[in-house]
Amino acid sequence: MRLIFKILIFLLINLNVFADIKQYEIEGMSIGDSALNFYSENEILKKQENYFRQKSVKASEFKKKGLYDYIQLMYKSKDKTYSIVGISALIKMDVNKCEGILEEEAVKISSSFGSDLKKDYGKRKIKHSYDKSGKSFIIEKKYKFSNNDELIIACYYWSDKIKNKDGFNDNFRVSLRSKYYSNFLKRE
């Protein structure tokens with residue numbers, strides 16, 4: 001639990017200093033960096049996942065990177081430099097703990113952005129489209145910067161069926177999204 005608070009405190013310190021989300025790092029990676037600076041092309045391709053219906057963005061998922069259980073990197077499909085347009089860092093977490101941490105961190109984040117925060121979407125609960133039964137959901141706090149990049153902190157709750165069938169785990173997630181990737185997800 002202390003590890004999670006250290007991660008989130010680090011997140012808050014960096015976000016308070018940086019107005020542009022591209023200057024914020026998760027495990028040394030930022031929006032706009034080449035994934036090739038961190039992984040070989042072979043590793044990126046080997047870890048590629050088919051998360052999206054549209055093929056203009058691809059994702060690669062890597063296990064156990066630093067403090068996180070998983071790191072997901074999103075990049076444009078035809079970009080041979082694998083320039084990162086989205087990053088998600090996941091920590092497996094019990095459902096009973098996640099929402100409390102989300103609430104505490106949301107209060108801190110809301111007061112840290114100043115004039116660079118264009119919009120605070122508030123807390124919302126969304127059914128996850130992956131689970132057709134509607135029993136898996138996300139509770140998130142989303143923040144949009146003045147340049148339309150986004151930061152999302154969220155709790156992902158998976159149904160027992162999805163956990164058993166696909167091996168997914170409930171998790172706390174920090175996501176950085178470029179304007180391009182955010183718009184892509186809206187169309188997805």
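Throughout, read-outs are computed from the coordinates displayed, never taken from laboratory work. All values reported here derive from a predicted model rather than from experimental measurement. Neighbour counts run over all protein chains shown; Cβ positions are idealised from the backbone, glycine included.
Taking the Cα centre of the chain as reference, the dipole from Cβ charges on Lys and Arg (+1) and Asp and Glu (-1) amounts to some 660 debye. Here the simple spin-label model places points 7 Å from the Cα toward Cβ, and for residue 169 and residue 64 these points are separated by 1.0 nm. Couplings for region 124-139, taken from phi via the Karplus curve 6.51 cos²θ - 1.76 cosθ + 1.60 with θ = phi - 60°, read 9, 10, 10, 5, 7, 5, 5, 9, 5, 6, x, 8, 9, 8, 10, 10 Hz in order; Gly and Pro are left as x.
Working from label points 7 Å from Cα in the Cα-to-Cβ sense, the residue 81 to residue 183 distance is 1.9 nm.
Evaluating 6.51 cos²θ - 1.76 cosθ + 1.60 at θ = phi - 60° for every residue in region 47-56, the Karplus couplings come out as 9, 5, 10, 9, 7, 10, 5, 6, 9, 7 Hz, glycine and proline recorded as x.
Counting only aspartates and glutamates at least 8 places from residue 163 when in the same chain, those with an alpha carbon closer than 14 Å to its own are 94, 131.
Beyond a 27 Å Cα-Cα separation, which of these cross-linked pairs lie in this structure: 65/141; 55/144; 97/142; 55/119? Walk me through the numbers before you get to the answer.
Working: 65/141 24 Å; 55/144 25 Å; 97/142 19 Å; 55/119 29 Å.
Violating the 27 Å Cα-Cα cut-off are 55/119.
For residue 160 and residue 51, the difference between the fully extended length at 0.36 nm per residue and the C-alpha to C-alpha distance is 37.2 nm.
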